[in-house]
Structure formats: structure tokens, C-alpha cells
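Everything below concerns the one structure shown next.
A short reminder: the numbers here are calculations on the coordinates, not readings from a lab. Treat the numbers as computed from the prediction; the structure is a model and nothing was measured. Don't worry about glycine lacking a Cβ; one is built from the backbone with ideal geometry, like all the others, and counts go over all protein chains shown.
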């Protein structure tokens, strides 16, 4: 009977020491393990990396939109400069339709593109500032004055491009509502058509 009690006590103490040894060994193995180091390092770097990637893509998209608008203003301003818009009696809607035909897929042309065509007496009097009010909203006093032969005309195309990503205070928006005004301008003297 004494042997049975000693055996039972030996099993209990060895079980405790094994459990204690198991816990200490686990902690030591965990401290020496290098298996998850790459995953932990990636978790630390992933958020800034993805934010930077989104900011780069958005900046590139806005520059691409700006270049597309520059090409569209150059092409559509030629209609006024050569007198085609005047001889075909284009109004503001017909001219905007011609502009929209040159811009495909990148813009909501019918709902978001603003077209401003104004006649000036001299190149020095041309106003090429951003048409934003004090609150950062787009002014809507745009007109359509294509002028006649020899007149100085300025064609401006404007689009409110949404900005989604901002990184560490670097924000591309310059308007209210988190948008950026993408604007293209062409100033010229009409040909004697």
C-alpha cells in the first residue's frame, strides 16, 4: 500500500514538473522562433505601403485626367479658332457635346464638365485664375462667347475630380467636399474665317 501511495505521489509531482517544464519550454521556443518574423514585419509595413500606393495611383490618375482635359481643350478650341463653331451656329450645348465627344470614359462629361468660353479685348485682360469662391466651391457664372474673326477668345474646361486618399497631410483636394479642380485653358486669336 505504501508503494501505491508513493507511486501516486510520483506521478502527480512528475506531472506538475512536466507541465511546468512544458510551459517554460514553450516560452523559450516562442522567443527563439523566427518563423513568423516576415509576417509580423509585413503587418507593420503593410498599412503605410498600401496608403502610399493608393496616393501614387490617385496622383497619377489626376495627372492623367488633367492631360486628357488639356488635349480636349486644344482640339475643341480649334473649332472656335477656325470659325467652324460660329459658321455652324454652335450654342453652349452643341459645343459641350463636341468637347464630350473628345473625352471618353474618364469623366462624367454631361453632369460634371463645365465649359467656359469668353471673348476678351486684349490678352493682358484674360482672367485665368481658378473660378472658386472663398468656401472652395466652383463658381457657375460661365458663358459661351466664341467671338468673331480676329477676336481674342479663352476656352476653359473644368472638372471636379473626387479625391479619396490623403497621406500624412498630403491632400490633393483644393475644393470643398474633398475634390480637386482639374482645369485646362486655351487662349487664342480667332482666324479670319
> When the Kirkwood radius is taken over all Cα pairs of the stretch 39-96, what Stokes-Einstein diffusion coefficient follows at 10 °C and 1.306 mPa s, in µm²/s?
Replying inline: 107 µm²/s
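If we count other beta carbons within 10 Å of each Cβ, what is the order of 173, 76, 121, fewest first? Write down the numbers at each step before the final one.
Numbers: 173 18, 76 25, 121 9.
Going from sparsest to densest Cβ surroundings: 121, 173, 76.
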> In what order do 103, 62 fall by count of nearby beta-carbon atoms within 10 Å, going from fewest to most?
Replying inline: 62, 103
> Relative contact order, percent, of the stretch 58-189 when contacts are C-alpha pairs under 8 Å separated by at least 6 residues?
Replying inline: 30 percent
>> To make sure I understand, if each residue's beta carbon is the centre and we count other beta carbons within 10 Å, what order do 100, 109 fall in, fewest to most?
In response: 100, 109
> Taking a quarter of the surface of the Cα convex hull of the stretch 58-189, what do you get in nm²?
Replying inline: 8.4 nm²
> Hey, how many Å between the Cα centroid of the stretch 106-121 and the Cα centroid of the stretch 44-92?
Replying inline: 12 Å
